[in-house]
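Below is one structure, written out as C-alpha cells; the observations come after it.
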Ligand code: G6P
C-alpha cells in the first residue's frame, strides 16, 4: 500500500504532488516551432473553428469548476460567448444550440451519467462536441467529435486534484487555440502565453516545497469551526468555489464560496469572532477590492486566511495566516492558487481524523443519475 502511494501517507497528497508533472505532460508537443497551437484531435477544421459563435462548457463537480475558469479564458481571449452549466441542468432544459455551437464536455472519468446524456442530447441538436477527459477510450472520449486527454494518469483519491489541474491546463490550450483561429492573438503572444503556462509546473513545485507550514497553520484556524467562507473575485472566485468543495468533500466541514463583492448581500451576516474566511487575493486588477472586503471581515472578528502573491507585504496587515503563491499572470492563477486550497482541505481533514482518500457518501464517478 505504502509503495503504491509512492511514500506518501495517502493518495490525495501523492496526487497533489504529481501536479507539476501533469502540467508538463499535458503540454508536451502542443506548440509547434512556428508558434501554432497543435490540437489535431479537435476533429474540426480551422474554418469550422472560426465559425464557432457560442460555447457551452458542461460538467459536474470539480470538472464544473474547471469550466468556470474556461469561461473567463475563452471569453477573455477568443471573445466567444461562453456559458458553464452543470450537466444535470443542461440536459433537462432547452439550450440554444446551432451547428456553430461548441459543447465542451469536461469529465475526469469520462463516464458521468449526466455529462454523457448532455453530450448525446447536444449532438442530436447539431452541436459540435469536444471532450476533455482523463480516461482513454472512455464514453466521453468515444462520443465526442474530438478529445483532449488530461494526462493526469489514474486518479485514486475520490476528491479530484491532479485531474482538475490537467483540465484547467487543457481548457487553457483550447482557449488559446480559439483565440488564435479568431485572429485575436498573434503567434508571438501565443508563444509567450504558452511559455508562461508551462512555467506553472515549477511554480506549483515551489508551493509544494515551501508552503507546508503555512498550510498547517491555516488548517489549525479552521479545524474546529462550524463553517468556513471562501471568497475571491474573477479567477479568485472560481478558485474559491473549488476550494470550498474540496474542504466539504474531505473534511465534512461546511463551506461555501462567494464572489467577494457579493459578501455584503448575505454571507457577511455569518461572520462572528473566530469565523474562518479563506480568501484568494492574488495580485490582479481587483486585488484592492478584495482586500477591502477582507477588512470588513476582519472588523467583525473573522480569522482571515489569504492565498497571496509572493512579495505582497500589504496583505500582512490584515491576514491572520498567509499562504504564498508565485506571481503569475491572473489568467494562470487558477493553476497555482488552487494548490494551497487542495493542501488546506486535506490538512483540515487529517486534523479532524477523516479518511481523505475515501470520504463518506462520495463516489469517484457517478454513473447513475
Ligand atoms: C464525482 C467525484 C468528483 C468529480 C465529479 C465529476 O462527484 O467525486 O470528484 O468531480 O464526480 O466527475 P467527472 O469524472 O465527470 O469529472
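Here are a few things to note about the model shown:
- Angle between the chain longest axis and helix 113-124 axis [Cα atoms, degrees, rounded to 10]: 30
- If you bin all the Cα-Cα distances of segment 1-107 at 10 Å, starting from zero, the percentages per bin are 12, 31, 33, 18, 7, 0.
- Its Cα gyration tensor gives segment 19-167 an equivalent ellipsoid. The semi-axes, each the square root of 5 times an eigenvalue, are 22, 20, 14 Å from largest down.
- Calculated [222 nm] ellipticity per residue, helices only, for the chain: -13500 deg cm²/dmol; basis is -39500 (n - 2.57) per DSSP H run with n ≥ 4, divided by all residues, nearest 500.
- Segment 108-177 and segment 298-319 have Cα centres separated by 36 Å.
- Shape summary: the chain maps onto an equivalent ellipsoid whose semi-axes, from the alpha-carbon gyration tensor, are 32, 22, 21 Å in decreasing order.
- Pairwise FRET efficiency - residue 24 versus residue 47, Cβ, R0 = 35 Å, nearest 0.05: 0.65
- Taking other C-beta atoms within 10 angstrom as a stand-in for reagent exposure, 336, 101 fall in the order 101, 336, fewest first.
- Compared with the rule-of-thumb size 2.2 N^0.38 Å for a compact globular protein, segment 220-266 has a Cα radius of gyration ratio of 1.12.
- Once the gyration tensor of the Cα atoms in segment 223-369 is diagonalised, the equivalent ellipsoid follows with semi-axes of 25, 18, 14 Å, ordered largest first.
- Label-to-label distance, nm, for residues given as residue 364 and residue 296 (7 Å Cα→Cβ offset): 4.3
- Counting beta carbons within 10 Å around each of 283, 5 and listing the fewest first gives the order 5, 283.
- Ranked by how many other Cβ atoms sit within 10 Å of their own Cβ, fewest first, the residues 248, 364 fall in the order 364, 248.
- On Cα atoms only, tilt of 187-210 relative to the major axis of the chain in degrees: 30
- 16 Å tail of the calculated P(r), segment 127-210, as % of Cα pairs: 63
- Spread of Cα-to-Cα distances over 10 Å intervals beginning at zero, given as percent, for segment 282-338: 24, 56, 19, 1
- Distance cut-off 17 Å, percentage of C-alpha pairs in segment 59-125 lying past it: 40
- Cβ crowding within 10 Å averaged over residues, with 250-263, 216-229 ranked highest first: 250-263, 216-229
- Comparing 146, 35, 131 in a Gaussian network model of the chain where C-alpha atoms under 10 Å apart are linked, the largest mean-square fluctuation is found at 35.
- Relative to the globular-protein estimate of 2.2 N^0.38 Å, the Cα radius of gyration of segment 148-267 stands at 1.29.
Laboratory data are not the source of any read-out in this text; all were calculated from the coordinates shown. In this text, all values refer to a predicted model and were calculated from it rather than measured experimentally. Neighbour counts run over all protein chains shown; Cβ positions are idealised from the backbone, glycine included.
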